[in-house]
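Have a look at the structure below, then the notes.
The values are calculated or read from the model by the stated rules, or taken from the named source; none is laboratory data. Just so it is clear, the structure is predicted and the values come from calculations on it, not from any experiment. Counting neighbours? That spans all protein chains shown, and the Cβs are built from the backbone with ideal geometry, glycine included.
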Amino acid sequence: MRERERTPPRGKGSSRTLGVVCGYLFKTIRESIGLTQVELAEELGVDVATIQGWESGRRSLTALRAGDLIRLRMKLTRLGAPPRAFTALNDAIEVDLIIAAAVDAGSTNTNPHDHLLATSVHRRKITHLITWPFTGIAPPGVAQMAGRRHARRGPVSNHPALSAEERTRFFDHLMVMADANRNDETALLRRQAIYLLGFDQRSETVAWLTDEQRRAVRSAGSADDVPSWLAVRSSAVALASTGNRDPLAAFVSTGLADDTQEAANLNYWAYWIGEISDVQVDDGFMAPGLPTTWEGVHLFEHLLASLRPTSNHIELNVHTLWSLVLARPRLLDSRPELRALAGGKLDEVDRGDLPSRTRQELASVAYAIRLAER
């Protein structure tokens, strides 16, 4: 492992980040029902300092007892908060625990078996909440909740904010954990840490990911060795997030080279966007083949929405859409609304700057749509 500057450990529970995501989301919920902090405090029967503490993260919602959190949810629902807000709030509480633990640990290598990144395979909604403070991009559904905003003094962040030191400590911890845990038992922790490192733009992190990609490619087994190719995929996706698309394009053409890998890729995407409902605690669900338990409608819609030529993941997104159409041929036959949606979207995509393979796969999807319309 490359030598890194170590930051001193913090005292237990000292991190300001303890409630930064759920606090900002709570503020968004409050604004969605059009109340000021003072007005909401009166409605809930608490002092305004409590509301301010929840929204800033100084007094985290993670510290509330389950019963108190349920009562809070009931009161907010009665005041007009959208029901979907509370699913997001529950996820945000989990995310704050993940961020706070990483920031508090910094460069320390902690017990991988107790690590919060090792407990379950993350879906899109969790990952987008984790990356919200770093990208500034609100997760799907959260942006639509923003309502009337009240004037405030001074500059106000439009997303959960971490200090420069907290960001550094968070990513330092992910790199330390990914570097120190290279066995099969910690594969999930390592893979999810590597994915998140793609949102760290520091040159040393990009260099580490580049080394990791080379190591993963050298170690990859045969085409049906799904775990070894998941390692290649993780670093390739992370590097694409930093702007280097070449490793991901190579993975699409090499790593997704047989039916086993194609099925694993589709199963992962189906889980990622929620078509596979059961929570998975490891990556084993990807490998058994392509089940009939998920239809692919939501995945098709998600992939269409991701068809942006400027996307750093365009090759993987297009290939997965093409693979889904091949694996679920009746999807287009039975869903005229998907055909209409896809036709319009494909017409918008400028294919001129895309690799030839990607252009051919888009053309194949368009041809499949025309066949289904006959």
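Numbers for the structure displayed
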read-out	value
Condition check for Ala305: surrounded by fewer than 20 Cβ atoms within 10 Å (Cβ to Cβ) and either of a type in the set (Gly, Ala, Ser) or in contact with a strand residue (DSSP E or B) (Cβ under 9 Å, 6 or more places away or on another chain) (or both)	yes
Cross-chain or 6+ apart pairs with Cβ under 6 Å, the stretch 58-76 first and over 17 Å from Val20 (Cα atoms), then among the aliphatic types (A, V, I, L, M)	Lys75/Leu44
Candidates Leu64, Leu76, Leu69, filtered to the one that is buried (at least 18 other Cβ atoms within 10 Å of the Cβ) and assigned by TED's automatic domain parsing to the domain that holds Val46	Leu76
Single unsatisfied condition, Ser203 versus (1) at pLDDT 95 or above; (2) among the small types (Gly, Ala, Ser); (3) in contact with a helix residue (DSSP H, G or I) (Cβ under 8 Å, 6 or more places away or on another chain)	(3)
Given (1) more than 24 Å from Ala264 (Cβ to Cβ); (2) under 25 Å from the mean Cα position of the chain (by Cα), number of the condition Arg351 does not satisfy	(2)
Residues of the stretch 59-73 classified as under 28 Å from the mean Cα position of the chain (by Cα), assigned to a helix (DSSP H, G or I) and either at pLDDT 90 or above or not hydroxyl-bearing (Ser, Thr, Tyr) (or both), total	7
Count - residues of the stretch 266-284 that are hydrophobic (A, V, I, L, M, F, W, C) and free of Cβ contacts under 8 Å to residues at least 40 places away in the same chain	2
Any pair with Cβ under 6 angstrom, 6 or more apart, that starts in the stretch 308-329 at a residue that is closer than 17 Å to His298 by Cα and touching a residue at least 24 places away in the same chain (Cβ under 8 Å) and ends at one that is hydroxyl-bearing (Ser, Thr, Tyr) and part of a helix (DSSP H, G or I)	Val318/Thr358; Trp322/Ser364
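Table: residues versus (1) of a type outside the set (Asp, Glu); (2) assigned by TED's automatic domain parsing to the domain that holds Leu230; (3) surrounded by fewer than 19 Cβ atoms within 10 Å (Cβ to Cβ); (4) under 24 Å from the mean Cα position of the chain (by Cα).
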position: Gly274; (1), (2), (3), (4): yes, yes, yes, yes
position: Trp294; (1), (2), (3), (4): yes, yes, no, yes
position: Leu332; (1), (2), (3), (4): yes, yes, no, no
position: Ala366; (1), (2), (3), (4): yes, yes, yes, no
